[in-house]
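One structure is given here, and the rest of the page talks about it.
The values are calculated or read from the model by the stated rules, or taken from the named source; none is laboratory data. Given the structure is predicted, the values throughout are model-derived calculations rather than measurements. A quick note on method: Cβ atoms are made from the backbone with ideal geometry, for glycine too, and the neighbour counts reach across all protein chains shown.
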Amino acid sequence: MLPRDRLTYVNDVVWPTMNQLYGGIFGHSFPISSPEIFDDIVADLSLLNFSGADADVKGDAFEYFLKNAYQGITIKDLGEYFTPRNIVRMMVSMVDPKIGEKVYDPFCGTGGFLIEAFRYIALRTKLTPELSSILEERTIYGSEITVTARVARMNMILYGDGHSNVVQQDSFAHPKDSKYDVLLTNPPYSQSTRHGNLYGIPSKNGDAIAIQHCLRALNPGGRAAFLVKEDFLTKSGDVGNVREILLNSVKNLTVISLPRRLFEPYTPTKTSIIYFKKDGSRTKAFFFVVRKVGHTLGARKVSRPENDLPKVLEVFDEEELSQIPPTDTAIIPLNEVKNKSNSLWLYDYIDATPQIEEGVLLGQHVERSGNRFRPSDYPDETFSILGVSNTIGVFLNEARLGSDIKQSYIEVMAGDLVYNPHRVNVGSLGLVTEELEGGIVSGIYVVFRPKCPSRLPPEYLYHILKRKPYLQLINAYDSKHGAVRSNLNFEQLSRIKIRLPSPEQLEQFRKVHARYQQANEEMRIAQEELSSVVKI
């Protein structure tokens, strides 16, 4: 067949048939008009054996195409499309979809949850022609507001869904009433909507409407697992009212806290999984903290053997949680949850500190410090601007005239402890020395000091808070308000428990610390000598 005849056949026969079978995915006309270019593409693709490739290979290839094709989209948008595969598989296992049930994702993006649910059912069902028809045509349902709905439909077809009930529409504008048995989704975060009047708690807040949509769409007894931004767990207003409805309408409520940076590079947002069964109630809520997910966090994922997900999956719906350390789990009576404004943040109920004897709240022994002012009010004065590093602590960054400094700053004194609230989780905390007294730090920093330095020396407190167990505590407490970045305020710092040193321990600390300071001073002198010898 000549190249021109081949292109004519595709235009007149193949393309109309594809549109008839899979309408809404392809355009009305074939996008290639050159017979020569089309012939080159056919020749290259003919070298590949698509019929012999299983769905995993084709799906993986398509996913690779998606991630490259969408590189022009903002990180925020990509976060709506791609949920980490290990999280998707865990959530599908939690809801345990079965043949004959209808599975729904109202914000399906490229279809990751729907694909995994389809595969999950297919692998656990002895498929007859009748059951295959049910699975392929009357099981998977999804909505997506953007043209990505076409991508989701194509993705589903590659995985064997012959019908693909995925539509492009605004789910907020189309509430469903008791239509589905299983719901899985990662809703778009921090959106606004004009369709809040269609729901029981009218709101422009998309986070509040998304959960109402999910709850309403489920059949009685249906199961749901969805991701929420961390501030959904504690936020008041419309979101808080929705949490109250949730607590009064479901049973087997489980909250699984996921680690920060899990969704990078698409979004740094801290999230949690919420799982429940619709209708009925249980007198307790279950909480889990996932710290390890089988790979490193951040943009580049490297496999690691440590993985909390299988442990949580094994017991999340049970009455006993003895298999997981108590600092990572809790079963909280619902009346206690309701007494705390329906908060679903674990650390409103449990102490995240290490199991130490005679621990005291840090807030009882420290106080805010520093003098906040605007250097621009003193335009002719030169100020020493200090920085804080996780390696060297407080250091002199630069000297500037007050007239050049527009923001507010905090003047610090010797013995003050200073930290960057956005980086304290990686140890960005320091102690102001006598040489740096009178310097100023950014107004966003937190400055505090012991109330009684003889009982709790600032040097001792500094070394405690820099230790790994306390950095882990800081990571736990700074997630409450759902900030994209770490953000530990003074009130959250005050919740940390420490053990006050005995007089004997203090005496030993002072001796060791004196040697530590002497070693640092010798190192500083040696570095200066090296600089004088090694000249460029």
Pairs returned, first residue in segment 384-413 that is touching a residue at least 40 places away in the same chain (Cβ under 8 Å), second residue that is among the acidic types (Asp, Glu), beta-carbon separation under 6 angstrom, 6 or more apart or interchain, are ILE385/GLU398; MET413/GLU437
The helices (runs of 4 or more DSSP H) lying entirely within segment 415-496 that contain at least 3 residues which are farther than 29 Å from ARG291 by Cα are none
Does ILE201 fit the bill of being out of contact with any strand residue (DSSP E or B) (no Cβ under 9 Å at 6 or more places or on another chain), in a helix (DSSP H, G or I) and under 29 Å from ASN248 (Cβ atoms)? no
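Give me the residue from segment 1-32 that is of a type in the set (S, T, N, Q) and over 24 Å from THR146 (Cα atoms) and, out of that set, modelled with the lowest pLDDT. Walk me through how you get there before you give the answer.
First, the residues of segment 1-32 that are of a type in the set (S, T, N, Q): 8, 11, 17, 19-20, 29.
Imposing the further condition that a residue be over 24 Å from THR146 (Cα atoms) reduces the set to 8, 11, 17.
Values: THR8: 86, ASN11: 84, THR17: 79.
Among them, the one singled out is THR17.
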Would you pick out the residues in segment 92-109 that are farther than 14 Å from PRO187 by Cα and either in contact with a strand residue (DSSP E or B) (Cβ under 8 Å, 6 or more places away or on another chain) or outside any helix (DSSP H, G or I) (or both)? VAL92, MET94, VAL95, ASP96, PRO97, LYS98, ILE99, GLY100, GLU101, LYS102, VAL103
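Please find, among VAL242, VAL290, the residue that is without any contact (Cβ under 8 Å) to a residue 60 or more places away in the chain and either in contact with a Lys or Arg (Cβ under 8 Å, 6 or more places away or on another chain) or crowded, with 24+ Cβ neighbours inside 10 Å (or both).
None of the others qualify; the one that does is VAL242.
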Identify, by number, the condition in (1) in a helix (DSSP H, G or I); (2) touching a residue at least 40 places away in the same chain (Cβ under 8 Å) that LEU135 doesn't meet. (2)
For segment 95-111, give me each residue that is crowded, with 21+ Cβ neighbours inside 10 Å and either without any contact (Cβ under 8 Å) to a residue 40 or more places away in the chain or in contact with a Leu (Cβ under 9 Å, 6 or more places away or on another chain) (or both). VAL95, PRO97, VAL103, TYR104, ASP105, PRO106, CYS108, THR110
Restricted to segment 254-265 and to residues being surrounded by fewer than 21 Cβ atoms within 10 Å (Cβ to Cβ) and farther than 27 Å from LEU334 by Cα, the residue modelled with the lowest pLDDT is PRO265
Based on this model, can you work out whether LEU417 counts as closer than 24 Å to ASN475 by Cβ, at pLDDT 95 or above, in contact with a helix residue (DSSP H, G or I) (Cβ under 9 Å, 6 or more places away or on another chain) and surrounded by 14 or more Cβ atoms within 10 Å (Cβ to Cβ)? yes
Got at least one residue in segment 141-157 being of a type in the set (Gly, Ala, Ser) and over 18 Å from THR83 (Cβ atoms)? no
Filter segment 310-355 down to residues that are of a type in the set (Asp, Glu) and at pLDDT 70 or above and give me whichever is farthest from ASP96 (Cα to Cα). ASP351
